[in-house]
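Read the structure below first, then the notes.
Bear in mind these aren't lab numbers, they're just calculated from the coordinates by the rules spelled out. On a predicted model such as this, the values are computed, not experimentally measured, just so you know. When we count neighbours, we look across all protein chains shown, and the Cβ atoms used for this are built from the backbone with ideal geometry, even at glycine.
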Amino acid sequence: PVSGTPATAPAPTSNISVRRGEPLVVVEHVNKHFGDLHVLNDINTVVNRGEVVVVIGPSGSGKSTLCRAINRLETIDSGTITIDGERLPEEGKGLAKLRADVGMVFQSFNLFAHKTVLENVTLAPIRVKGVKRKDAEAKAMELLERVGVANQAKKLPAQLSGGQQQRVAIARSLAMTPKLILMDEPTSALDPEMINEVLDVMVGLADQGMTMIVVTHEMGFARKAADRVLFMADGRIVEEATPAEFFDHPKSDRAKDFLSKIL
Ligand code: ADP
Ligand code: MG
């Protein structure tokens, strides 16, 4: 139903016409090599405010590298990435601000093992943003409530299940009130029975208008929550389409082959 609607905020580098908001992340002609490997090959895409973009593709296609480049955990060789109109800085203060604006959730949770759940969520707001402890804790409790683990606030991460830990990690990223959240296979390390509790939180965020870039092979999430799917292979974006278009009518042989293996 969306294709064919006139563009409200046309983006030069993307072929998707429906835009929920203004461009928030603009990736233009981005290239990255690891030695001889062309891991990001002329990547162009625009993510608008409030959009949920799911990135899928075979292992080694460059999905994590793209996420890491957007969060500046990885340098790029050429091209530009802008977030909310600001070009990504090379280093220095700008980088700290960028990291505050862009939440990141990893496959492996990456919580601070020796800090309580509550401390995990309050640490960055207190240290990076100078929020008062009392205010940081009040907000953290609200966020932990929202992801359903408020009753675990005093515990250490190891005392929680994987699903609970990942929900804490999501709360921690939300505590910085990011403009965008990047999630790199957030459910891949979880036991099957815990996947849905994390996906439910992600769907809730999407419903509330959070801008999200999510690397995942959870097709149910993609169909339910994604505005757009980017299919990557060999360092390129091979297809960019709505979930319905992509899953029901993949165009490239690469995508057809990939989907035949995972569906
Ligand atoms: P994906 O997340 O799609 O599985 P990645 O972005 O992690 O893919 O990796 C893409 C390719 O880049 C892989 O072949 C991987 O081995 C390689 N790669 C990733 N990080 C590095 C690195 N730091 N040094 C060298 N090669 C890397
Ligand atoms: Mg990866």
Exercise. State the Cα centre-to-centre distance between the stretch 54-91 and the stretch 176-220 in whole Å.
Key: 18 Å
Quiz prompt | On Cα atoms only, tilt of 117-129 relative to the major axis of the chain in degrees | solution = 70 degrees
Self-check item: Computed E for Q107/K132 - FRET, C-beta separation, R0 45 angstrom, nearest 0.05
Solution: 0.85
Quiz prompt | Efficiency of FRET from Cβ geometry, S78 and I262, R₀ 41 Å, rounded to 0.05 | solution = 0.80
Quiz item: If we count every other residue with Cβ under 12 angstrom of S64's Cβ, Lys/Arg +1 and Asp/Glu -1, where does the sum land?
Solution: 0
Practice problem: Enumerate the amide H contacts of V238 below 5 Å, restricted to partners 5 or more residues apart or on another chain; note that Pro and chain-start residues carry no placed amide H. | Solution: F231, M232, A233
Quiz prompt | Total charge dipole magnitude, the stretch 172-263, about the Cα centre, Cβ charges on Lys, Arg, Asp, Glu only, Debye to nearest 20 | solution = 260 debye
Practice problem: Consider all pairwise Cα distances in the stretch 152-195 and report the whole-number % of them above 16 Å. | Solution: 42 percent
Self-check item: the chain - charge dipole about Cα centre, Lys and Arg +1 at Cβ, Asp and Glu -1, debye rounded to 20
Solution: 940 debye
Quiz item: Within the stretch 149-263, how many Lys pairs sit with Cα atoms under 23 Å apart, leaving out pairs fewer than 8 places apart on the same chain?
Solution: 5
Quiz item: Taking amide hydrogens as modeled 1.01 Å from N in the peptide plane, which residues meet the under 5 Å criterion relative to V52, leaving out close sequence neighbours?
Solution: M212, D227, R228
Quiz item: Computed over the Cα atoms, what is the radius of gyration of the chain divided by 2.2 N^0.38 Å, N being its residue count?
Solution: 1.00
Quiz item: Taking only C-alpha pairs under 8 Å that are 6+ residues apart, what is the relative contact order of the stretch 89-232 in percent?
Solution: 29 percent
Quiz item: What is the antiparallel percent of DSSP beta bridges lying wholly in the chain, to the nearest 5?
Solution: 55 percent
Quiz prompt | Cα→Cβ-extended label distance, 7 Å offset, between H217 and V203, nm | solution = 2.1 nm
Exercise. Please name whichever of L199, A169, V55 sits farthest to the positive end of the charge dipole of the chain, dipole taken about the Cα centre and charges placed at Cβ: Lys and Arg +1, Asp and Glu -1.
Key: A169
Quiz item: For the stretch 182-263, what log10 I(q)/I(0) values come out of the Debye formula at q = 0.15, 0.21 1/Å, with one point per alpha carbon and no solvent?
Solution: -0.56, -1.05
Quiz item: If Lys and Arg each add +1 and Asp and Glu each add -1, what is the summed charge of the other residues whose beta carbon sits under 13 Å from the beta carbon of L199?
Solution: -3
Exercise. Could you tell me which of V27, N110, S252 has its Cα farthest along the dipole of the chain towards the positive end, charges placed at Cβ (Lys, Arg +1; Asp, Glu -1), taken about the Cα centre?
Key: N110
Practice problem: Compute the long axis of helix 162-174 from its Cα atoms, compare it with the longest principal axis of the Cα atoms of the chain, and write down the angle in degrees, 0 to 90, nearest 10. | Solution: 90 degrees
Practice problem: Describe numerically, in nm with one decimal, the distance between label points set 7 Å from Cα along Cα→Cβ at A100 and at F34. | Solution: 3.2 nm
Practice problem: Could you state the angle between the C-alpha long axis of helix 253-262 and the longest principal axis of the C-alpha atoms of the chain, as a value from 0 to 90 degrees rounded to the nearest 10? | Solution: 40 degrees
Quiz item: Taking θ as phi - 60°, what are the ³J(HN,Hα) couplings along the stretch 234-240 by the Karplus curve (6.51, -1.76, 1.60), each to the nearest whole Hz, with x for Gly and Pro?
Solution: 6, x, 10, 7, 8, 9, 9
Quiz item: Given springs between every Cα pair under 10 Å in a Gaussian network model of the chain, which of V53, V30, V121 has the largest fluctuation?
Solution: V30
Quiz item: Under a point spin-label approximation (7 Å from Cα along Cα-to-Cβ), what is the H249-T177 distance to one decimal in nm?
Solution: 4.3 nm
Quiz prompt | Taking the C-alpha atoms of the stretch 37-105, convex hull volume expressed per residue in Å³ | solution = 106 Å³
